[in-house]
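Student: If you scroll down you'll find the structure; I have some questions about it.
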Amino acid sequence: MVRMIGIDLDDTYLNSEKNVPAENSAAVSLALDRGILVLPVTGRPPAAVPETVLRSAPFRYLIASGGASAHDLLTGELLFRETIPYETGLRLAAGLQEADFLVNVFADGKGYVSERDYELAVSYARTPAAREYLRTFRVPVRDIFDIVRAHPEGLEKITAAAPRNEAGQMLRADEALRIAEPFSADIDVMYSPEINVEINSARATKGRAMLRIAHMYGIAREEIMAIGDSANDLEMIRTAGVPVAMGNACAELRAEARCIAPDQDHAGVAYAIRKWALGHV
C-alpha cells in the first residue's frame, strides 16, 4: 500500500514547457483525497517553486534544494534545514570559481549568481523554458561571496556549471568532481550530464528528507513511492519501496526503477499515481 508519494518537479511533474499538466494535478488531488501524503521533492530552492505548482494541488509539505530544507506549506514553518558547513562552502565555492566554473550558491531559499555571470548562466540552459526559469528565479548579486559570508550557518547548496559539448553534456565535470573530493566528509555531490554538478550537505538528500517526513506519520519505506527523471533523483527512488522512472528519465535511473511511466509531456505522474498508488489507470 502506498501512503506517501514524493514527486520531482522539472521534467517530471512539470512538462517540457515548465507547466503542470491538468492530468497530473487531478491525479495528485485524488491521491490526497484518498489520504496519501503527496509532496513535491525538488532541487529548486523554495523561492523558485512556481505558484502554479503550489496551487495545482493542496500540498501540505515541500522538500526543496535537493533535500536541504523541508517546509510546511500550511503553517509556513521550516521543518528542517541541512547546510554545507561554512568553511567547506567558502573553500569549495572559491576553488570552483578559481577553476573557471560558473558557481551558483543557495541560501535563504534562493539561488544566487554573480552579475557578470548571469547571462552566461542563462545561456547554459538547454531549453527556452529552462532559460526562462533562470531569468525569473536566479538572483544576480555583485559577488556571490557576499552571500557566503552573510551565512555563517552555511549554504543550502552550491552548483558548478560549464559549457556543454554537442551532445548537451557539461564539459570538465570530472575536474569539478576532483575539486569537491577533499570535502567529501561534509558534502553530497551529484553530477547530471544534462544539468550540472550539484553539491549539498552530506545530510541533505531527497530520500533522507522524505524519510524524515514519513517518520512523522509512521510511514514505512516500503509504503513510499518516488517519481523522478534525472540523476539527482537516484537516491530518492532508491529510498522508496515503489521507485518510478519517467519515460524521459536518464538510463541510470530507468535501470534502478521498478516501474516506468510515460514521459513528462504525456502526464507520466498521473499514470504512475493511478496505476501504482490508486490501483487503476
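The values are calculated or read from the model by the stated rules, or taken from the named source; none is laboratory data. This structure is a prediction, so every number in the text was calculated from the model and none was measured. Glycine gets a Cβ as well: all are built from the backbone with ideal geometry, and neighbour counts include every protein chain shown.
Student: Step by step: first the residues of region 154-186, then only those that are of a type in the set (K, R) and more than 23 Å from A107 (Cα to Cα), then the one that is modelled with the highest pLDDT. Which residue is that? Working first, answer last.
Tutor: Filtering region 154-186 for residues of a type in the set (K, R) gives 157, 164, 172, 178.
If we keep only those that are more than 23 Å from A107 (Cα to Cα) as well, we get 164, 172, 178.
Values: R164: 84, R172: 89, R178: 97.
Among those residues, the one meeting the criterion is R178.
Student: Considering only region 20-45, state which residues are in contact with a strand residue (DSSP E or B) (Cβ under 7 Å, 6 or more places away or on another chain) and crowded, with 21+ Cβ neighbours inside 10 Å.
Tutor: Listed by number, the residues that qualify are V28, A31, L37, V38, L39, P40, V41, T42, G43, R44, P45.
Student: If you go through region 110-168 one residue at a time, how many are among the small types (G, A, S), in a loop (DSSP other than H, G, I, E, B) and within 23 Å of I187 (Cβ to Cβ)?
Tutor: As a first pass, look at region 110-168 and keep what is among the small types (G, A, S): 111, 114, 121, 123, 125, 129-130, 150, 154, 160-162, 167-168.
The next check asks that each one be in a loop (DSSP other than H, G, I, E, B); those that pass are 125, 150, 154, 162, 167-168.
Retained after the next criterion (residues that are within 23 Å of I187 (Cβ to Cβ)): 150, 154, 162.
Within region 110-168, residues that are among the small types (G, A, S), in a loop (DSSP other than H, G, I, E, B) and within 23 Å of I187 (Cβ to Cβ) number 3.
Student: If L74 passes every condition in (1) crowded, with 16+ Cβ neighbours inside 10 Å; (2) part of a loop (DSSP other than H, G, I, E, B) but one, which one does it miss?
Tutor: Result: L74 fails condition (1) only.
Student: Might you let me know whether region 103-115 holds any residue that is outside the structural domain of N232 (by TED's automatic domain parsing) and more than 21 Å from the chain's Cα centre (by Cα)?
Tutor: Looking for residues that are outside the structural domain of N232 (by TED's automatic domain parsing) and more than 21 Å from the chain's Cα centre (by Cα), one finds at least one in region 103-115, hence yes.
Student: Given the conditions (1) touching a residue at least 24 places away in the same chain (Cβ under 8 Å); (2) surrounded by fewer than 22 Cβ atoms within 10 Å (Cβ to Cβ), which single one is not true for L96?
Tutor: Only one criterion in (1) touching a residue at least 24 places away in the same chain (Cβ under 8 Å); (2) surrounded by fewer than 22 Cβ atoms within 10 Å (Cβ to Cβ) is unmet by L96, namely (2).
Student: Which residues, taken from region 51-71, are under 14 Å from G109 (Cβ atoms) and surrounded by fewer than 21 Cβ atoms within 10 Å (Cβ to Cβ)?
Tutor: L54
Student: Still on this structure, I have one more. Only one residue in Y133, Y124, Y118 is among the hydroxyl-bearing types (S, T, Y), within 20 Å of P163 (Cα to Cα), at pLDDT 95 or above and in the same structural domain as A185 (by TED's automatic domain parsing). Which one?
Tutor: Y118
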